[in-house]
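In what follows, a single structure is set out as structure tokens and then discussed.
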Amino acid sequence: MVQEEVLALVDQGLMLPLMEEFYTIQGEGFHKGTAAYFIRVGGCDVGCHWCDVKESWNAETHPPTGIDHIVANAAKYSDTIVITGGEPLTWDMGPITAALKAKNLKTHIETSGAYPLSGTWDWICLSPKKNKLPEGIIYDKAHELKVIVYNKHDLIFAEQEAAKTNRECILYLQPEWSVRDKVVPMIVDYVMKNPKWKVSLQTHKYLNIP
Ligand code: SF4
């Protein structure tokens, strides 16, 4: 296939720059502890300085892969598929989620919401970033809001973002891993004073699994 054809298919969401895919335990948020198959799509220009998957940023370093291939592989492992990144909404998520739903698989997304929402989702985890705030409708659709806490100001940001979400949205504060020792006591104290929030930990990192 010539390069232009590949780019056209990526543009249509029929191919995606696949960084990695793996079957593991969801470590964070509402579904923590639950087995799921993760599809990590390359490409993100949000630029969080503490990002722990910076190798995902440049989409060109990840091979454009047909969604049929990705979906067939995922279906072998789990009925719950988490699409993460990078920033998956860089791409049109319509075709891959349609293909996953056609196989009766549950579709979950982890997104900063930096780009317009596409795709059909059973679960939307919105993790907004100050660098590039989410666009409109995703606040109404999000099932959970997960704010990464790196410093004290992130608690103010968390409240600003929570105010934009729908009423059922579950609110999580999650320590950024590299500063967890410093911010966990602050988060614990904050959640006890503001119990609409819950603590989310990256339990997969404690378990030493992907
Ligand atoms: S949005 Fe996610 S993938 Fe992109 S830079 Fe921030 S933490 Fe990394």
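Each residue of segment 66-74 was assigned a 3J(HN,Hα) from its phi angle through the Karplus expression (A = 6.51, B = -1.76, C = 1.60, θ = phi - 60°), giving x, 5, 4, 5, 4, 5, 4, 5, 4 Hz with x at Gly and Pro. Residues whose amide H lies under 5 Å from that of Gly29, counting only those 5 or more places away or on a different chain, are Leu201; hydrogens are built 1.01 Å from N in the peptide plane.
Decide, for segment 1-61, between rounded, prolate and oblate: order the square roots of the alpha carbon gyration tensor eigenvalues as a ≥ b ≥ c, take rounded if a/c falls under 1.5, and otherwise choose prolate if a/b is larger than b/c, else oblate. Cα axes put segment 1-61 in the oblate bin. A cut-off under 11 angstrom between Cβ atoms defines the neighbours of Glu110, and their net charge, with Lys, Arg +1 and Asp, Glu -1, is -1.
Taken as Cα centroids, segment 17-40 and segment 157-210 sit 19 Å apart, rounded to the nearest whole angstrom. Available extension along the chain between Glu168 and Ile137 is 9.7 nm, counting 0.36 nm per residue and deducting the alpha carbon span. Converting phi to 3J(HN,Hα) with the Karplus coefficients 6.51, -1.76 and 1.60 and the offset θ = phi - 60°, segment 162-167 yields 4, 5, 8, 8, 6, 5 Hz in sequence order, with x at every glycine or proline. Remark: the chain carries a charge dipole of roughly 860 debye about the Cα centre, counting +1 on each Lys and Arg Cβ and -1 on each Asp and Glu Cβ.
Quick check: from the Cα gyration tensor, does segment 1-143 come out rounded (a/c under 1.5), prolate or oblate?
In terms of gyration-tensor shape, rounded.
Working note: Karplus 6.51/-1.76/1.60 with θ = phi - 60° gives segment 42-58 the couplings x, x, 6, 10, 6, x, 5, 5, 9, 3, 9, 10, 4, 5, 7, 4, 8 Hz, where Gly and Pro are set to x. The peptide list 99-107, 159-167, put in order of mean Cβ contacts within 10 Å with the highest first, becomes 99-107, 159-167. Quick check: from the Cα gyration tensor, does segment 29-73 come out rounded (a/c under 1.5), prolate or oblate? Since a/c reaches 1.5 but b/c is at least a/b, the shape of segment 29-73 is classed as oblate. For Thr65, the residues whose amide H sits under 5 Å from its own are Leu16, Leu18, ignoring neighbours fewer than 5 places away on the same chain, with H placed 1.01 Å from N. Farthest towards the positive end of the charge dipole of the chain, among the residues Leu16, Val6, Asn208, is the Cα of Asn208, using unit charges on the Cβ of Lys, Arg, Asp and Glu.
Bear in mind these aren't lab numbers, they're just calculated from the coordinates by the rules spelled out. Since we're looking at a predicted model, the values are computed, not measured. Cβ atoms come from the backbone with ideal geometry, glycine included; neighbour counts cover every protein chain shown.
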